[in-house]
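Before any comments, here is the structure.
The values are calculated or read from the model by the stated rules, or taken from the named source; none is laboratory data. Predicted model only: the values in this text are computed from it and were never measured. We place every Cβ from the backbone using ideal geometry, glycine too, and count neighbours over all the protein chains shown.
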Amino acid sequence: MNLPFYVPPEQLMKDRAEFARKGIARGKSIAALAYADGILLLAENPSGTLHKISEIYDRIAFAGVGKYNEFEALRVAGIRHADLKGYAYARGDVTAKGLANAYAQVLGQIFTQEVKPYEVEIMIAEVGKEGGQDLLFKVTYDGTLYADERFVAIGGQDEQLAAFLQQHHRPGASLPEALSWALGAFQAAGSRATRPEDWEAAVVDRTLGRRAFRRLGAGELPPA
């Protein structure tokens, strides 16, 4: 029997990380930022059918970049996880933190044990009952978990988007202000989208009640 070639573990992890990052960089980025009444999520996505931003539970939204079939499978698994926990215990026991931790464990296990890592980054956003209680989580392809209360960006342009939002974002802004900052961040990162139809946008808004998720129509978006 022929023995397989030996590959040092550090080289194997490096190759997997590079493979995943290249796949993610080919997709369009997503930015999320808190405003006075909740959280805005904005993605460059001219497709009106294949959504990158979706509701996952009462006050929680999900967004993903990279391979569509992979982050869509994660979204569906997250909905099932949330539904089962909410049914077995209480709806209030379903939190973005719990979902983000579950996603981090799954992606970390896939990255270290499977032949091919997932080429995805995902975001979980939960609107709090009061201002200042909103939560944003970012989970990378290798299961690394990040948390913030102000803004998060995922995808190949995440650093450029985050740098712009770091300079311009301020707490308590209105939704139009948050939209202008998010669009400005994409412009600064080199986006060529100019029509409202080129974007996918949604909010998780505490003023909407239990079902806080709402998609924004093209008429609600200013030209980039």
- Message: Cβ-Cβ distance below 7 Å, separation of 6 or more or different chains: which pairs start in the stretch 168-179 with a residue that is within 17 Å of Pro222 (Cα to Cα) and end on one that is surrounded by fewer than 17 Cβ atoms within 10 Å (Cβ to Cβ) and among the small types (Gly, Ala, Ser)?
- Response: Ala173/Ala36; Ser174/Ala36
- Query: If the Cβ limit is 7 Å and pairs must be 6+ apart or interchain, which residue in the stretch 72-90 that is surrounded by 17 or more Cβ atoms within 10 Å (Cβ to Cβ) pairs with which residue that is in a helix (DSSP H, G or I) and at pLDDT 95 or above?
  - Reply: Leu74/Tyr103; Gly78/Leu99; Gly78/Tyr103; His81/Leu99; His81/Ala102; Ala82/Leu99
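Among the residues of the stretch 57-71, write down those that are surrounded by 15 or more Cβ atoms within 10 Å (Cβ to Cβ) and either among the polar types (S, T, N, Q) or more than 12 Å from the chain's Cα centre (by Cα) (or both).
Here is the first cut: in the stretch 57-71, the ones surrounded by 15 or more Cβ atoms within 10 Å (Cβ to Cβ) are 57-68, 70-71.
If the condition is that a residue be surrounded by 15 or more Cβ atoms within 10 Å (Cβ to Cβ) and either among the polar types (S, T, N, Q) or more than 12 Å from the chain's Cα centre (by Cα) (or both), then Tyr57, Asp58, Arg59, Lys67, Tyr68, Glu70 are the ones that fit.
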- Of (1) surrounded by fewer than 19 Cβ atoms within 10 Å (Cβ to Cβ); (2) under 17 Å from the mean Cα position of the chain (by Cα), Ser180 satisfies every one except (2)
- Query: If we keep just the residues of the stretch 109-148 that are acidic (Asp, Glu) and farther than 18 Å from Leu42 by Cβ, which is surrounded by the fewest Cβ atoms within 10 Å (Cβ to Cβ)?
  - Reply: Glu130
- Among the candidates Leu179, Leu183, single out the residue that is over 20 Å from Val127 (Cα atoms) and not small (Gly, Ala, Ser). Leu183
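Going residue by residue through the stretch 137-145, is there one that turns out to be among the aromatic types (Phe, Trp, Tyr), more than 24 Å from Leu221 (Cα to Cα) and assigned to a loop (DSSP other than H, G, I, E, B)? Can you show your working first?
As a first pass, look at the stretch 137-145 and keep what is among the aromatic types (Phe, Trp, Tyr): 137, 141.
In the following step, the residues that additionally are more than 24 Å from Leu221 (Cα to Cα) were identified as 137, 141.
If we keep only those that are assigned to a loop (DSSP other than H, G, I, E, B) as well, we get 141.
Checked the stretch 137-145: at least one residue is among the aromatic types (Phe, Trp, Tyr), more than 24 Å from Leu221 (Cα to Cα) and assigned to a loop (DSSP other than H, G, I, E, B).
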